[in-house]
Structures are given as structure tokens and as C-alpha cells.
1. Counting only protein heavy atoms and a 1.4 Å probe, tell me what percentage of the chain's accessible area is made up of carbon and sulfur.
2. Which of the peptides 90-102, 106-118 is most tightly packed, and how do the rest follow, judged by the mean count of other Cβ atoms within 10 Å per residue?
3. Using 0.36 nm times the number of residues separating His178 and Glu110, minus their current alpha carbon distance, what extension gain do you get?
4. Cα-based Rg of region 1-119 per 2.2 N^0.38 Å, rounded to two decimals?
5. Do the sum for the chain: with -39,500 (n - 2.57) for every DSSP H run of n ≥ 4, divided by all residues, what is the mean residue ellipticity at 222 nm, to the nearest 500 deg cm²/dmol?
6. With each pseudo-label sitting 7 Å past Cα toward Cβ, what's the Glu169-Asp137 distance in nm, one decimal?
7. Provide the FRET efficiency to the nearest 0.05 for the Arg155-Glu52 pair, computing r from the beta carbons and using R0 = 22 Å.
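The values are calculated or read from the model by the stated rules, or taken from the named source; none is laboratory data. Quick caveat: nothing in here was measured; it's all calculated off a predicted structure. Note that each Cβ is placed from the backbone with ideal geometry, even for glycine, and that neighbours are counted across all protein chains shown. The accessibility values were calculated without ligands, DNA or RNA, using every heavy atom of the protein model including side chains. Shrake-Rupley method; radii C 1.70, N 1.55, O 1.52, S 1.80 Å.
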Amino acid sequence: MWNVLRPAAGSTLAVYGAGAVGLSAVMAARLLPLRAVVAVDRVPERLALAAELGATYTVDAATENVDARISEITGGRGVDHAVETSGDPTVLRTAVDALGIRGTCAVVGEPPAGTEVTLDVQGFMFGKRIVGVTLGDSEPETLLPVLVTLHRQGRLPLERLVRYYSLDELNAAAEDMHAGRVVKPVVRF
């Protein structure tokens, strides 16, 4: 999010998917002076966590019209930036459609090879961009010390995403992950 989108102060960001990657984007965005950070997901517990971690708005894609809600939040202008983490082509289409003039969508979610998405070409006449992102497009030697420092300062609470399970709780870990009760289950041996 920092390395590719580089959102300017006062800009808006929508994060599609409140899993580990999406919530990490929300935490990173909270460290910037953005006007709005919108988390979009289908799991209420993950949306609640997104709000705790810095999302200024949440949109429940299971019960709300995402397009209408993003339009309402942005006053009809669309978002300046979007991060798509789900790997679902319909979600990517929604994220691109929600972009405003010269908006950029960072694609982080990875669908199976060969997956295609249909986009409205007319929307690109307003300078919309889509960019793929791998491993945050970062240089680990530079980024990792920054992340460690932010975590030590309590400004990047990654532990909020993790819940530990013993090996005999493996099935419960998988169940909790699929039900949205945990973001990142970690099994300890």
C-alpha cells in the first residue's frame, strides 16, 4: 500500500477483503493522514476488527450495496485508491468501478491462473489504473526494520490478527478461520 499506491494526505482508500492482507493494509493506512479508509468484507467480525484497527468506515458486502455505500462515503467522487485482496474477479471489478478520476487499484489477491475479469473500458478514459502487487513491492532490508519498529511502538498491532492453537485443535483452527472468528490461525507444535 505504501510502496505502490503512495496515498497523499487527504485521499481516500477502500480495502476489499478484511483478511490478514486487507487488515494489514488498514493498519498501514491508519499511519497516514487519509480522509477515509473503507474496509469491505462479508464477515461482521472482521469488519468490527477493521474498525478497531483504523478503518473509518466499514461496508458489509453481504447486506449492503457496496457501490452505493462507497459513493455515499465519497460524495459521489469515488475512492482515490483501492486494494483488492480477495482474489475474486467480481470483487476486483467492484473495486475498479469504485475508483474516482485517476484512481488506482492495487491487486493483491491471487485467483487461480487464467482467471479473467471484465472491466468497463470507458471508465479508464478518466485515468483509472490497475497495478499488480507482489510482496508489497518492497525491499525487505528497508521495510522489515520499519515494520519491527512500528510494532514495538504499538502502532502496528499484528498480534490482533493471530490466534494460537495446539496441534490437537487443528480442526477448530480451520473452522474458526472459515467462519471468520479468527484471521490468522497459527498452530503451535
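1. That fraction is 54 percent.
2. 90-102, 106-118
3. 22.7 nm
4. Working: Rg = 12.8 Å, N = 119, 2.2 N^0.38 = 13.5 Å.
For region 1-119, the normalised Cα radius of gyration comes out at 0.95.
5. It lands at -9500 deg cm²/dmol.
6. 3.9 nm
7. 0.95
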